[in-house]
Amino acid sequence: MKRHLLITVLIAALMFFLAFQIYMIHSIWKQKEEILFMRYKTLSREALTILLTKKKANGFEKAMDVTDKFTELVIGEQIPLLRTEADTVTIRKEVLSQVYKIMEKNEHLSGFIRDYIEKYGYDSKFETFTFINPLTLITGDGDFVIFDTIPPPPRKTMIVVNSFKEEHNNFVIGYTLLIDLTRKNEMVFREASFSFALITASILIVLIVFWVTWKNLAEERRLSDLKTDFINNMTHELKTPLSTITVAGRTLEKNQVLSDPGKVLETAKLIGKQSVHLNQLINTILEVSLLERTEFELDKHKVNPEELIHQIIAAFLTSCDGCAVIEEEYNTADMTIELDILYFTTMINNLLANAVKYCETDPVIKVSAVSEGGNMVVSVSDNGIGISREHLDHIFEKFYRITHGNIHKTKGLGLGLYYVRRIATAHGGDVTVTSKPGRGTTFRISIPQ
Ligand code: ADP
């Protein structure tokens, strides 16, 4: 329950953090965008003011003079000829386009603003636009309106720099100057890149911390599950011989058993056997807890592997009443190797016992010892049930057992292979496993000579 709560709080915190970072990115973007617009607006306004104070010297003024003359011409020559509504529309269009042309040709506005902005070290890749509105010709008979509509709404990347209204001899003109930052997103991104890099780094760090915490929690959970399994197994393993002993003890109390020396002996033997088994179990647990606390102290002796392994196999077959067929193969005739005989025996015994335990037909085991690149490699192959891929990486872990449906079907504490690996590494070697489910398993112990 506590773990679930912790995970929920962790995920909620992560979500909140990510949402906050997204909000931060959004507001930084908006802020930088505003600053960018402001900067371009201020600079172009400054440029415009400078240009206008130069009066006649600038292209705009010149354009106005030319427009003045042009409109005088229109008023004098064309307006008196207007007869129909269509004539009016045509002349309006014509005048407007001519005025635009004159202004475009004569104004140095864009160039001036561009140079000015560039002088301050900012990107000058933008476009400028002038919208004329209104444009009215002043005639003796009153005003002749050429253009009097609202200009199209500016695009998202456009800034209104300024609007002006001028009155000349023959016309009144209003115009709005706009600049369009076509590469706005790129510019804003460049401005905000440092902040974004910091945010990305912090997101990455938090994600890594989250992932590590998550992994640790999962590992903790796995270990606690393993421990629970181990305690269940151990209780079961210890209870079986204990209950046999209890029942046997009670049997001995019965008169008809007491009067039969044969039965007394049989029961006493059973008690003895179960006590030995109990003792072995307790020893295994004690050994493992001892191994945890101290480093291995090996009592090494020079041995010939073939001789030693052959003896171990013979003893194993005797103790299990010939429970398997074991084929042996050696190429280590002249080889000697330093081993702790007791530990090495335990290691091979564990592998043989597993080969028998995890086999659903008659066990046929192949044991080989070869000398390979300065190492002695002992292989134990069986024709058992095999181990599927997902378990292969874990079988050497302490208390790890594969539950074959009912966990107690095969007895064990999940310590055998753990022990095998610890002994192999204590000898400076290692153990590997390959397996095909349903076909069999091969363990390879490699120990340097
Ligand atoms: P235990 O035998 O006490 O369960 P081990 O550490 O010896 O513990 O083995 C761990 C697990 O590896 C076992 O539960 C079993 O499922 C699997 N295993 C070990 N050896 C073999 C084998 N030769 N064939 C199939 N499965 C095996």
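For the reader, a short list of remarks on this structure follows.
- FRET efficiency, 1/(1 + (r/R0)^6) with R0 51 Å, evaluated for Lys30 and Thr434 via beta carbons: 0.30
- Overall form of the stretch 243-338: oblate. Here a/c, set by the Cα gyration tensor axes a ≥ b ≥ c, is 1.5 or more, and a/b is not larger than b/c.
- Estimated at 0.36 nm per residue, the fully extended path between Asn232 and Ile22 surpasses their Cα-Cα distance by 70.7 nm.
- Annotation for the stretch 36-86: GluC sites (Glu not before Pro) lying in DSSP loop with at most 16 further Cβ atoms inside 10 Å of their Cβ do not exist.
- Formal net charge of residues neighbouring Ser435 (Cβ-Cβ distance under 15 Å; K, R +1; D, E -1): +2
- Solvent-accessible heavy-atom area per residue, rounded to whole Å², over the stretch 315-389 at 1.4 Å: 48 Å²
- For Ala314 and Thr361, the FRET efficiency from 1/(1 + (r/R0)^6), where r spans their Cβ atoms and R0 equals 25 Å, is about 0.60.
- In a fully extended conformation the segment linking Val9 and His391 would gain 134.4 nm over its present Cα-Cα distance, using 0.36 nm per residue.
- Under 30 Å from Lys366, Cα to Cα: lysines that are on another chain or at least 8 residues apart: Lys273, Lys300, Lys302, Lys357, Lys398, Lys409, Lys411, Lys436
- When restricted to Cα atoms, the stretch 388-449 yields an Rg and a Dmax of 12.7, 42 Å, respectively.
- Highest-MSF residue in the chain out of Phe171, Phe37, Phe17 [GNM, Cα springs under 10 Å]: Phe171
- Å² of accessible area per residue within the stretch 171-269, as computed with a 1.4 Å probe and no ligands counted: 62 Å²
- Here the relative contact order of the chain, from alpha carbon pairs under 8 Å that lie six or more residues apart, stands at 10 percent.
- Alpha-carbon centroid distance for the pair the stretch 312-345 / the stretch 177-249, whole angstrom: 44 Å
- Filtered trypsin sites (Lys or Arg not before Pro), the stretch 365-449: DSSP coil and at most 14 other beta carbons within 10 Å: Lys409, Lys411, Arg439
- For the chain, built as a Gaussian network whose Cα springs stay under 10 Å, the top-fluctuating residue of Thr240, Thr88, Thr336: Thr88
- Estimated FRET transfer efficiency (Glu287, Trp211; beta-carbon r; R0 22 Å; 0.05): 0.05
- In straight-distance terms, cross-link reach from Lys119 covers every one of the aspartates and glutamates whose alpha-carbon lies under 18 Å from its own, apart from those fewer than eight places away in the same chain; here that gives Glu46, Glu127.
- 14 Å cut-off, amide nitrogen to a point 7 angstrom out along Ile50 Cα→Cβ, residues in the stretch 99-130: 109-122
- Every helix of 4 or more DSSP H residues in the chain counts as -39500 (n - 2.57), and over all residues that averages to -20000 deg cm²/dmol at 222 nm.
- Applying D = kT/(6 pi eta Rh) to the stretch 1-119, where Rh is the Kirkwood radius over alpha-carbon pairs, T corresponds to 10 °C and eta to 1.306 mPa s, the Stokes-Einstein value obtained is 80 µm²/s.
- What the stretch 1-45 shows is 73 Å² of accessible area per residue, with the surface traced by a 1.4 Å probe over protein heavy atoms.
- Per the Debye calculation on the stretch 275-398 with a single equal scatterer at every Cα and no solvent contribution, log₁₀ I(q)/I(0) for q = 0.11, 0.20, 0.21 Å⁻¹ amounts to -0.46, -1.37, -1.41.
- Cα-based convex hull, the chain, per residue volume (Å³, whole number): 306 Å³
- Annotation: cysteines of the chain without a disulfide-compatible partner (Cβ-Cβ under 4.7 angstrom) are Cys359.
- Share, in percent, of DSSP beta bridges within the stretch 282-404 that are antiparallel, nearest 5: 65 percent
- Within straight-line reach of Lys101, meaning a Cα separation under 27 Å, sit the following lysines at least 8 residues removed in sequence or on another chain: Lys41, Lys54, Lys55, Lys56, Lys62, Lys69, Lys93, Lys125, Lys156, Lys165.
- To the nearest 10, the accessible area of Ile22 is 110 Å² with a 1.4 Å probe.
- Modelled label positions at Lys101 and Val145, each set 7 Å beyond Cα in the direction of Cβ, lie 2.6 nm from each other.
- Per atom type, the chain shows carbon and sulfur on 58% of its accessible surface, probed at 1.4 Å.
The values are calculated or read from the model by the stated rules, or taken from the named source; none is laboratory data. Not measured: the values here are computed from a predicted model. Cβ coordinates were reconstructed from backbone atoms using ideal geometry, including for glycine residues, and neighbour counts include every protein chain displayed. Remember, those area values only see protein heavy atoms, side chains included, never the ligands or the DNA or RNA. Shrake-Rupley method; radii C 1.70, N 1.55, O 1.52, S 1.80 Å.
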